[in-house]
Amino acid sequence: MTTTPPTEHAIAAAGLHKAYGDKKVLDGIDITVPTGTIFSLLGPNGAGKTTAVKILSTLISADAGSGTIRIGGHDIATHPQAVRAAIGVTGQFSAVDGLITGEENMLLMADLHHLSKAEGKRTAAELLERFDLTDAATKPAQTYSGGMKRRLDIAMTLVGNPGIIFLDEPTTGLDPRARHNMWGIIRELVSDGTTVFLTTQYLEEADELADRIAVLNDGKIAAEGTADELKRLIPGGHVRLRFTDPVAYQSATSTVREATRDDDSLTLQIPSDGSQRELRSILDWLDSAGIEADELTVHTPDLDDVFFALTGSTDVPNQRQENVR
Ligand SMILES: Nc1ncnc2c1ncn2[C@@H]1O[C@H](COP(=O)(O)OP(=O)(O)OP(=O)(O)O)[C@@H](O)[C@H]1O
Ligand SMILES: [Mg+2]
C-alpha cells in the first residue's frame, strides 16, 4: 500500500477554482481529508462534484489562482505522477471495457500498475472473489448487469492497492444488497488505513459511511461537518415526550410553554437541537417538576432535510417524524 506520512492530510486542497466559460463551477473551495477517513461530497446535479474529483485526481487541472493541492503529501502541480501512483479513481461513468472479460479487465489494470503476471493474476482473482464476480469472470463484461459492471469498475480501482480512493457515485445503480456489500467493502478499506473521497446522491450513504460531509452548492461549500453536526444546523429537531397517564400529561403541558401538544396521543413536542446540553436541561426540568414521561425520543432532521435546506431547493419535504435517533 502507498503510505502517506501520518501527520499529513491525505487530501488538502485550498481555494479550488474552476469555471467553464462564465459558469463558476468551483468558486474557491477548501477540502481537507485526514488520512484513513471517509469524506463525502454531496450536492445537487451539476454542483461540481465530478469536477472536484477530476481535479483532485489529476484528470483535469484547476484554474489559475487556485491554492495548493496536496494528495498523499504530493503537490499535484509539481508531482502529478506521484499523486497518480498514490490514488485509485472510480469515475461516475464506467471504465469497464465491454468487449473483454471481467478477468481481462482486471489483468489490464494489473499491467497498468506494473504488477508481475503472477501477482496480477492473484490480485485479479482475489478482487473478483471479493466483489462476487468469480463466476462471471470469464464472460465478456458487456454481458454483465449494471450492478456487476459497477462492481467490476470498483474492483479495478483497487488493483494497485491505492492509499487514497476517489469514488464518484460508487453505488448508483446497485441494488440494496449490493449497496450494503459495497459499504462493507468501503469500511474495510478504511479500517486498513485507506482514505476514501466519495460523492453520492444517496444521503443515507453519506450518513452511514462518512466521517465528514461537505455540501456543495453554487460553487461553494454550503456546510461541512459530521452528519450529526449538519443535521443540527437546520430547524425541525425536537424532543417528544409521550405519556400514558393523562394526569402526568396535563401537568407537563401546564409547565412547558413552548411545547406543541397532541391531546389525542398524550404527546408533547419540545423544539430542540438534540444536543446533550438541551437534552440535559429537558431531563432536569422533568425531574424538578416531578414529571415522568413514559417515552422520550429525540427527533433530528435527516440528511435529506439538510440537503434541501442547504441547496436551496424549494421542494422541502415534511420533516420525517418516524426518524427517531
Ligand atoms: N467539460 C465541460 N465543459 C463545460 N461544462 C462542463 C464540463 N464539465 C462539467 N461542466 C459543467 O460543470 C458543472 C458541474 O458538473 P459536474 O459534472 O462536476 O457536476 P456533478 O456535481 O458531478 O453533477 P452530477 O450529480 O449530475 O454528477 C455542470 O454545470 C456541468 O455542465
Ligand atoms: Mg457527477
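Values quoted throughout were computed directly from the atomic coordinates according to the rules given, and no laboratory measurement underlies them. Predicted model only: the values in this text are computed from it and were never measured. Cβ sites come from the backbone with ideal geometry, for glycine too, and all protein chains shown count toward neighbours.
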Completion exercise
GNM of the chain, Cα pairs under 10 angstrom: of Gly15, Gly173, Gly65, the biggest fluctuation goes to Gly65
Exercise for the section: Let me see the pair-distance distribution of the chain: every alpha carbon pair, 10 Å bin width, integer percents in order. Expected result: 6, 22, 26, 20, 13, 8, 4, 0
Problem - Among Leu174, Leu59, Leu112: highest mean-square fluctuation, GNM of the chain, C-alpha pairs under 10 Å - result: Leu112
Fill in the blank from the handout: Given unit charges at Cβ for Lys, Arg (+) and Asp, Glu (-), the dipole magnitude of the chain about its Cα centre in debye, nearest 20, is 1020 debye
Fill in the blank from the handout: Kirkwood Rh over alpha-carbon pairs of the stretch 238-299 plugged into Stokes-Einstein at 25 °C, 0.890 mPa s gives a D in µm²/s of 215 µm²/s
Completion exercise
Taking a crude spin-label model, label points 7 Å out from Cα along the C-beta direction, the Arg257 to Leu296 distance in nm is 2.2 nm
Fill in the blank from the handout: To the nearest 10 degrees, the tilt of helix 146-157 (Cα long axis) against the first principal axis of the alpha carbons of the chain is 70 degrees
Fill in the blank from the handout: The pairs in Lys117/Lys149; Lys18/Lys149; Lys54/Lys220; Lys49/Lys231 lying past 26 Å Cα-Cα in this model are Lys18/Lys149
Completion exercise
Residue by residue through the stretch 115-121, the couplings from Karplus 6.51 cos²θ - 1.76 cosθ + 1.60 with θ = phi - 60°, in Hz, x for Gly and Pro, are 7, 5, 4, 5, 4, x, 5
Exercise for the section: Take the alpha carbon atoms of the stretch 238-258, find their center, do the same for the stretch 53-129, and report the distance between the two centers in whole angstrom. Expected result: 58 Å
Problem - GNM result for the chain, Cα springs below 10 Å: residue of Ala222, Ala214, Ala52 fluctuating most strongly - result: Ala222
Problem - Degrees between helix 102-112 axis and first principal axis of the chain (Cα, 0 to 90, nearest 10) - result: 70 degrees
Handout entry: Pair Thr68, Asp27: separation of 7 Å Cα→Cβ label points (nm)
Key = 2.7 nm
Completion exercise
Checked against the positive end of the charge dipole of the chain (+1 on Cβ of Lys and Arg, -1 on Cβ of Asp and Glu, about the Cα centre), the farthest of Gly237, Ala86, Val256 is Ala86
Completion exercise
Helix 176-191 sits off the longest principal axis of the Cα atoms of the chain, rounded to the nearest 10 on a 0 to 90 degree scale, by 80 degrees
Handout entry: Ellipticity estimate at 222 nm from DSSP helix runs (n ≥ 4, -39,500 (n - 2.57)) divided over the chain, nearest 500
Key = -10500 deg cm²/dmol
